[in-house]
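The values are calculated or read from the model by the stated rules, or taken from the named source; none is laboratory data. Small disclaimer: the values here were computed from a predicted structure and weren't measured. FYI the Cβ positions are ideal-geometry reconstructions off the backbone, even for glycines, and counts take in every protein chain you see. Heads up: the accessible areas ignore ligands, DNA and RNA and are worked out on the full protein's heavy atoms, side chains in. Shrake-Rupley method; radii C 1.70, N 1.55, O 1.52, S 1.80 Å.
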Amino acid sequence: MEPNSAIPKFKYLDHTSEAKFQANGATMEEAFAHSVLAMFNMLTDIKKVKPVLRKEIEIKAPKLDTLLFDFLDQFVVLLDTDGFIANQVDSLKITKKFEMYTLKAIVRGDSYKDYDVHGSLKAITYNDMVIKQQKNGTWIVQVVVDI
Amino acid sequence: MKKFEVSGMKIKKINDYLYELEQRSSMNVPVKIFASEALMENLVKDNAIMQAKNMTEMPGIQKNALIMPDAHQGYGFPVGGVAAFPIDNGCISPGGTGFDINCGVRLLSTQLTKEDVEPKIKELLDVLFQNVHCGVGSESNVRLTHAELDEVLNGGLDWAKEHGYATQHDIDHCEENGRMKQADAGKVSPTAKKRGKNQLGTLGAGNHFLEIQIVDEIFDEKTAKAFEIYEKGQIVVMIHSGSRGLGHQVCTDFLRRIEDELPELIAKLPEKDLAYAPTSSPIAKDYLQAMAAAANFGWCNRQLMVFNIRKSFAKVFGTEYNCKQVELKTVYDVAHNIVKVEEYIIDGVSKKLYVHRKGATRAFGPNHKELPRDYQKTGQPILLPGSMGTASYVLVGTDKAMQETFASTPHGAGRVMSRNAANKLFKGEQIKNELEKRNIFIKSASWKGLSEEAPAVYKDVDEVVRVSHEAGIGKLVAKLVPFGVLKG
C-alpha cells in the first residue's frame, strides 16, 4: 500500500440493478484497501485524482463483514458530506482484541469538484458480500453497492 | 406453453398475467407473480423470485408475497416486491422499504403544447439545469440550519408551504398530503442529517430524472381530464427522485441497529439485508418514525424542485405565453419505496397492516378515504416513470388492486442490464446524438451517467404497463413521451 502504488487490484461484476465489485489483495487488509478504490473508481477514473486530502478512519465491529460494511459506509457518508473521493490508501491495519475487530486506516483523495464524476453511492449492502482467503493465500473482498 | 422454474422450484401459470411459485413447507404464504410470458423470461434469470420466497418466511406475512411485473433482484426484498404484516404481531423490514425511502414521482400539468415549447426547449433545459441541481455532490440552493432541517423532517410539505415553496393545491395532490404525522426528526441519526442537510431540492443521479414530456396517447379520456391531461401534444413535467443521502442513511442505520441488537434473528436469515424487527419492538417503532421523517424529506425534496421548475418556466415563458396561462399544477405525487399502515379485508375481517412497497406504487381504487376529493370518483393517479428515451405512463388505481395486491402496481421499467455491461456497450455521446435524432433533448451532469442509463438497459415499460392493465391492478390512462430530459 505504498503511495502511488501499481494498478488497483479490483474488477467489476455484473449485477442487474446495482454495482458489484471484487477487490483482491495479498492480505485481507490489502483487499479491504482495494475495495475503497474499487468503489470510487465507479464514479470517476481515480488515477486522475490528486491525493491532496487526508482522512483518518477508525472502525470497530464484532464481525469482519460488519467491519467491511461500516468501513465502506464511512466513505459513502464522506462523499455526501465532504464531496470526498478516495484514490489512495496509505495504511490500513486490522487488529482483533476481546472478540472485537479494530480497523485503522489513512486514506487520501480529493474533493469531487475538479473531476468528471458521475453516478452516486446510495448505500453499502450485505448482498453477496464475500471476505475470503483463496487457495493461493490471497484474499478476495466482494461487495454490492446500491447506486 | 412455456414452463418456468427457479432453483428447482416449479412456477405454475394461473392466467396470462399471473404466475405462482410452488409452495414449500417453509413458506407461510404463496408467492404470486404478476407477469406475462415475455416478462417471466427475464424474471427467472435473476434472484428476484427466490428473494420473494424469502419474504414468505417472515413472521405474520399476510395472504401473498407479491412480485410486480417490473421486478428484479434487490437486496433482502426484490425491487418490485410487496408484502404486508399485521401491525400488532408482524414485522417491519427497512430493506423491504429500500434504501431510497420515498423514492417517488411527481407529475405537473401545463397548458402549453409541444408547438409552444419546441422553439425554446434547449433554452428551457439550460435554465432548468441551472436551477435544479443534479449529479454527484450537487448542493441545494437552500441553506438549512439543524433546527430548520428538523422542521422539514417533521413538517413535510406543511414546512414547504409555510416557506413559500408549496401551494395548498400541491399539498392536496400529494400522497399523505406530503406529511407523515408519525415522523420524528429525533429518530434520524446525526450522520443521516449531515448527508441530507445540503441536498434538499436536488435531483441526484442514476435513474432519477426530470423530464419535459408530451402527452402521446390518451386511453381513458374521462379519467385523463380529471387528472388535468386534456389532449395529445400537451406538455407535462415529471420528476423521479427520492430522499437523497438522508433516506439512504436512515435505512443503513436501522439495518445495522437490527444486526447489533437482534443477532439471533439475523443469524437465521438467508441474507442479512432481509433484517426485520418485530412490530412491538422499540427498533420497529423508531424505524417507522425515522422512515416517516425521511419520507417527509423526500416530499420536500421533490417540492423544492417543483418550485425551481416553476421559476424556470416563468423565466423562459413568463406567466403567459401564446395567450395561455403558464401554470404548473401538481397532478399527483406518489412514493414507490415506503411502508404504510393500511386496512384490508383478510379472511373476511378488516385488519390494519404494514404494507411494504419496495419498487411498487400504491394504487388505491375509487372512494378510498385517503384520496383527495378530486380523485374520489376516479381512483388514485399512478405515475410510472420510464427510462431515458422511453415512454412514461399514467394509470389509475382499481378495486381489483385493493383486493389482490394490497393496492400495489409496478413502479416503472426495471433494469435488465447491469451498469457494467451497459458501459461496455454504449457511449454517452452516441446516446445523446441518437436521442436528438428522435427529437429528445438531454442535459446531463456526466456522459457516463448517460451510457449507464441507455434505453436498452431497461425492461420494456410498454409491456410492464400492459400487464398491469390486463391484470386489472392499474388501468391505462395516458402515455407520455420524453421531449427534454435532465439527468444527474
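Some observations on this one:
- Sorted from greatest to least, the principal axis extents spanned by the alpha carbons of the range B:363-488 come out as 48, 26, 21 Å.
- Cβ charges +1 (Lys, Arg) and -1 (Asp, Glu), total dipole of chain A, debye: 420 debye
- Rg/Rh (Cα only; Kirkwood hydrodynamic radius) as it applies to the range B:262-363: 1.18
- Alpha-carbon radius of gyration plus Dmax, which is the widest Cα pair, for chain B in Å: 21.2, 67
- Proximal aspartates and glutamates to residue A:11, defined as alpha-carbon separation beneath 14 angstrom and excluding residues fewer than eight positions away on the same chain: A:45
- When B and A come together, around 3100 square angstrom of accessible surface is lost from both chains combined, probe 1.4 Å.
- Once the Cα atoms are used to define both axes, helix B:461-471 deviates from the longest principal axis of chain B by about 60 degrees.
- Surface calculation, 1.4 Å probe, protein heavy atoms: residue A:58 sits at approximately 100 Å² accessible.
- Dipole magnitude for the range B:342-488: about 400 debye, using +1 per Lys or Arg Cβ and -1 per Asp or Glu Cβ, origin at the Cα centre.
- Relative contact order (%) - criterion: Cα under 8 Å, at least six apart; region: the range B:291-429: 17 percent
- In terms of its Cα atoms, the range B:132-217 spans 46, 32, 21 Å along the principal axes, sorted from long to short.
- The calculated 222 nm mean residue ellipticity attributable to helices in chain A amounts to -7500 deg cm²/dmol, summing -39500 (n - 2.57) over DSSP H runs of n ≥ 4 and dividing by all residues.
- Rel. contact order, % - alpha carbon contacts under 8 angstrom, at least six apart, the range B:1-150: 14 percent
- Two-decimal Rg to Rh for the range B:281-329 - Kirkwood Rh, Cα set: 1.37
- Restricting the calculation to Cα atoms, the range B:192-321 yields a radius of gyration followed by a Dmax of 20.5, 64 Å.
- Mean projection of the Cα convex hull over all viewing directions, computed for the range B:203-247: 4.1 nm².
- For the range A:89-114 and the range B:356-414, distance of Cα centres in Å: 45 Å
- Computed over the Cα atoms of the range B:1-145, the ratio of the radius of gyration to the Kirkwood radius (Rg/Rh) comes to 1.15.
- Spatial offset of the range B:22-67 relative to the range B:264-288 amounts to 20 Å, using the alpha carbon center of each.
- Placing +1 on each Lys and Arg Cβ and -1 on each Asp and Glu Cβ, with no other charges, gives the range B:409-488 a dipole about its Cα centre of roughly 200 debye.
- By the Cα gyration tensor, the range B:80-129 has an equivalent ellipsoid whose semi-axes, rounded to whole angstrom, run 43, 13, 8 from largest to smallest.
- Expressed in Å, the radius of gyration and Dmax of the Cα atoms of the protein assembly as shown are 23.4, 76.
- Each 10 Å bin from zero up to the one holding the largest Cα-Cα distance in the range B:322-370 carries the following percent of pairs: 19, 39, 22, 12, 6, 2.
- Think of a 1.4 Å ball rolled over the protein heavy atoms: the range B:295-453 then has 36 Å² of accessible area per residue.
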